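Q: Have a look at this one.
The values are calculated or read from the model by the stated rules, or taken from the named source; none is laboratory data. Computed from a predicted model, the values in this text were never measured in an experiment. Neighbour counts are summed over all protein chains in view; Cβ atoms, including those assigned to glycine, are modelled from backbone coordinates with ideal geometry. We work out accessible area using only protein heavy atoms, side chains counted, and drop any ligands, DNA or RNA first. Shrake-Rupley method; radii C 1.70, N 1.55, O 1.52, S 1.80 Å.
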Protein chains: 2
Amino acid sequence: MEKSIKYKSHCPQYLGLDVFGDKWTLLIIRDMIIDGKRHFREFLSSEEKIASNILTNRLQALELEGIIRKESDPMHKQKIIYSLTEKGIDLFPILMEIAKWSIKYKEVDIEKAARANKIIKGGKETQQAIMKELKREHSPN
Amino acid sequence: MEKSIKYKSHCPQYLGLDVFGDKWTLLIIRDMIIDGKRHFREFLSSEEKIASNILTNRLQALELEGIIRKESDPMHKQKIIYSLTEKGIDLFPILMEIAKWSIKYKEVDIEKAARANKIIKGGKETQQAIMKELKREHSPN
DNA sequence: AAAACTGATTTCATTTTGCAAGCAGAAAAT
DNA sequence: ATTTTCTGCTTGCAAAATGAAATCAGTTTT
């Protein structure tokens with residue numbers, strides 16, 4: 001993720017990968033979209049075990065990019081709720097295509113594959129319904 | 001891309017990102033799929049200017065992963081032709097979803113956006129036709 | 001008052017990347 | 001025939017990113 005240096009190109013794939021082309025960023029988005037995670041410690045506890053400094057760095061970058069939003073939990077002054085913007089929710093189709101490919105070619109956990117396949121077989125409508133629901137869940141305030 | 005160490009999880013997104021979750025890998029695939037590039041020097045000449053050692057590294061990893069195939073050019077003994085396997089061609093939908101997102105949120109080159117939008121609007125059929133054609137072009141021998 | 005939990009920071013070793021130059025071999029040009 | 005150019009690829013080294021562990025100051029909970 002570049003700070004705001006000049007872009008190397010204006011190719012659509014490059015511009016996307018410049019934002020989320022690394023090992024962790026899309027996994028954080030996955031945590032939020034698929035697993036409904038919202039707090040720092042939840043992200044830390046994911047199977048892949050991201051380091052806390054990297055997590056902090058990515059959350060900041062994602063907020064700066066306008067993909068997530070930081071809000072303080074009204075119920076717990078010290079807790080911070082991370083939620084997705086529309087820009088973040090729109091990464092969902094990318095996550096699904098990655099899942100599709102992995103299910104075909106890698107040894108994906110059978111339950112997770114089943115869960116993903118349900119959405120894939122549901123087609124565009126199912127996917128849009130999920131995204132619509134996500135937009136409600138993640139709406140500000 | 002991990003050598004063959006234990007996977008951190010069997011989550012579909014993680015397993016995919018473990019293969020192509022970096023700045024360069026999908027750009028090489030883009031070069032092959034979108035721009036029809038087949039030779040080392042062609043990849044080197046892309047706008048984003050990948051370093052030659054990184055390129056070598058990624059091409060090796062992609063071959064090891066079974067995403068690309070190396071063949072020597074019968075017309076030019078010293079030239080090597082890199083082509084896509086089915087596993088590589090199946091990354092095309094991911095590239096398209098990334099393009100879709102970038103066109104919506106980033107300053108994508110207008111001509112490249114138009115080219116991508118044509119495919120997007122063509123729907124699943126257009127996409128499948130392109131992939132079928134790619135499979136012919138990239139078939140071994 | 002102590003303990004546990006919050007998001008984050010610090011330190012430091014390891015790994016990955018970026019950059020520039022250079023390589024041997026093959027083909028093309030002179 | 002010999003120089004020049006082109007091929008995929010390597011090397012050396014600096015810079016940046018990552019990983020791991022310990023630690024932090026507040027805030028809740030016990």
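Q: Taking Rh as the Kirkwood radius computed over C-alpha pairs, what is the Stokes-Einstein D of segment B:1-139 at 4 °C in a medium of viscosity 1.567 mPa s, expressed in µm² per second?
A: 80 µm²/s
Q: Calculate one ³J(HN,Hα) per residue across segment A:37-51 by plugging θ = phi - 60° into the Karplus curve 6.51 cos²θ - 1.76 cosθ + 1.60, and present them in order as whole Hz with x for glycine and proline.
A: For segment A:37-51, the Karplus curve yields 6, 9, 10, 2, 5, 5, 4, 4, 8, 4, 3, 7, 6, 5, 6 Hz.
Q: Hey, another quick one. What accessible area, summed over both chains, is buried at the B-A interface (1.4 Å probe, Å², nearest 100)?
A: Approximately 4200 Å², summed over both chains.
Q: Related question: When Cβ neighbours within 10 Å are restricted to other protein chains, what is their mean count per residue of peptide B:18-26?
A: 5
Q: Go through A:8/B:132; A:100/B:132; A:79/B:8; B:87/B:118; A:49/A:79; A:100/A:121 and tell me which ones have a Cα-Cα distance over 22 Å in this structure.
A: A:8/B:132; A:79/B:8; B:87/B:118
Q: A further question follows. Give the dimensionless ratio obtained when the Cα radius of gyration of segment B:62-141 is divided by 2.2 N^0.38 Å.
A: 1.31
Q: Report the residue of chain A with the smallest Cβ-to-axis distance, using the rotation axis that brings A onto B, in whole Å.
A: Chain A residue with minimal Cβ-axis distance: A:97, 2.
Q: If packing is taken as the average number of other Cβ atoms within 10 Å across a peptide's residues, how do B:15-26, B:55-66, B:74-85, A:69-80 rank, most packed first?
A: B:15-26, B:55-66, B:74-85, A:69-80
Q: With charges only on Cβ, +1 for K and R and -1 for D and E, what is the dipole size of segment B:1-113 about its Cα centre, in debye, rounded to 20?
A: Dipole about the Cα centre, nearest 20: 240 debye.
Q: Right, here's the next one. Hey, for residue A:41 with labels 7 Å out along Cα-Cβ, what do the inter-copy distances come to in nm, ordered shortest first?
A: Spacings between copies for this position, smallest first, are 5.9 nm.
Q: If you take each beta carbon of peptide A:106-112 and count the beta carbons of other chains within 10 angstrom, what is the mean?
A: Taking all residues of A:106-112 together, the mean is 5.
Q: Across every pair of different alpha-carbon atoms, what Kirkwood hydrodynamic radius in Å does the protein assembly as shown reach?
A: 19.8 Å
Q: In Å, what Kirkwood hydrodynamic radius results for segment A:40-97 from the alpha-carbon pair distances?
A: 12.5 Å
Q: Take the solvent-accessible surface of the protein heavy atoms, probe 1.4 Å, and return the percent of it on segment A:12-137 that carbon and sulfur atoms account for.
A: Whole-percent figure for carbon plus sulfur exposure: 51.
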